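The values are calculated or read from the model by the stated rules, or taken from the named source; none is laboratory data. Note that the structure is a prediction, hence the values are computed from the model and not measured. All Cβ positions, glycine included, derive from the backbone under ideal geometry; neighbour counts span all protein chains shown.
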Amino acid sequence: MQNFYRLESSKLGTFGVVWKEDNNQKKVVKIFLPKNKNNLLLKIKEEYPSAKKSNSLNEFIYEIMRFLSGEIIKFNLELLDFSICTDFQKKVLFADFNIPRGYVSTYSRIAKSTGVPNGARAVGNALVTNPFPLVIPCHRVVRADGSLGGFGGGFEMKKRLLEAEGIILSKGKVTLDKIYN
């Protein structure tokens, strides 16, 4: 098994994708949120020191670029390697994936939907380690009061991603009519 990576520019910065190839089967193991290209390359090399640069995964990379440009994209999850996630994290990520574009959900609602009614903090922890941000849209999860909460790409990126999906913030919060059950 060999790891590969690819960096691509977007209007939010350079994003990265790392995948493994085994018997000609490709599985994405991590998506790195947009940031400075040099810092991103250092981070990839730190986490995946043997990864080799590749120009593969054209269709998948192109979909991420279109998504970051504001287009409506429904990603296919078959390329993602969920074996690297815990069972609970998988439940959280699938619940997150099902939040429609233009809506958000809350940590507590996702906790309830995954069978852990008091597990909002556990949901937050599962999303903080989401290996597939953008494809699994963790930017669509907010606090119960509508405030944005955390995001690996920072507050400003979360705000921009939500606004690109038509979600308007008022005083740093999402209006409750945009909460998806």
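Sort through 54, 83, 69 and tell me the only one that's closer than 30 Å to residue 174 by Cα and of a type in the set (Ser, Thr, Tyr).
Values: 54 fails: closer than 30 Å to residue 174 by Cα; 83 fails: closer than 30 Å to residue 174 by Cα.
Only one candidate passes the filter, namely 69.
Consider the range 144-166. How many of its residues are under 17 Å from the mean Cα position of the chain (by Cα) and either at pLDDT 90 or above or not in a loop (DSSP other than H, G, I, E, B) (or both)? Steps first, please.
Of all residues in the range 144-166, those under 17 Å from the mean Cα position of the chain (by Cα) come to 148-165.
From what's left, either at pLDDT 90 or above or not in a loop (DSSP other than H, G, I, E, B) (or both): 148, 155-165.
Residues that pass the stated criteria total 12.
When the range 134-148 is examined, which residues are found to be farther than 18 Å from residue 112 by Cα and either free of Cβ contacts under 8 Å to residues at least 40 places away in the same chain or surrounded by fewer than 22 Cβ atoms within 10 Å (Cβ to Cβ) (or both)?
So the first thing to find is which residues in the range 134-148 are farther than 18 Å from residue 112 by Cα, and the list is 134-137, 139, 147-148.
Scanning the range 134-148 gives 139, 147, 148.
Going through 178, 158, 112, 173 one at a time, which residue ends up being in contact with a Ser or Thr (Cβ under 9 Å, 6 or more places away or on another chain), at negative phi and either in contact (Cβ under 8 Å) with a residue 40 or more places away in the chain or charged (D, E, K, R) (or both)? Don't jump to the end; show me each part of the working.
Details: 178 fails: in contact with a Ser or Thr (Cβ under 9 Å, 6 or more places away or on another chain); 158 fails: in contact with a Ser or Thr (Cβ under 9 Å, 6 or more places away or on another chain); 112 fails: in contact with a Ser or Thr (Cβ under 9 Å, 6 or more places away or on another chain).
Residue meeting the stated conditions: 173.
Do we find that residue 131 is outside any helix (DSSP H, G or I) and in contact with a Cys (Cβ under 8 Å, 6 or more places away or on another chain) in this structure?
Working: outside any helix (DSSP H, G or I): yes; in contact with a Cys (Cβ under 8 Å, 6 or more places away or on another chain): yes.
For residue 131, the condition - outside any helix (DSSP H, G or I) and in contact with a Cys (Cβ under 8 Å, 6 or more places away or on another chain) - is met.
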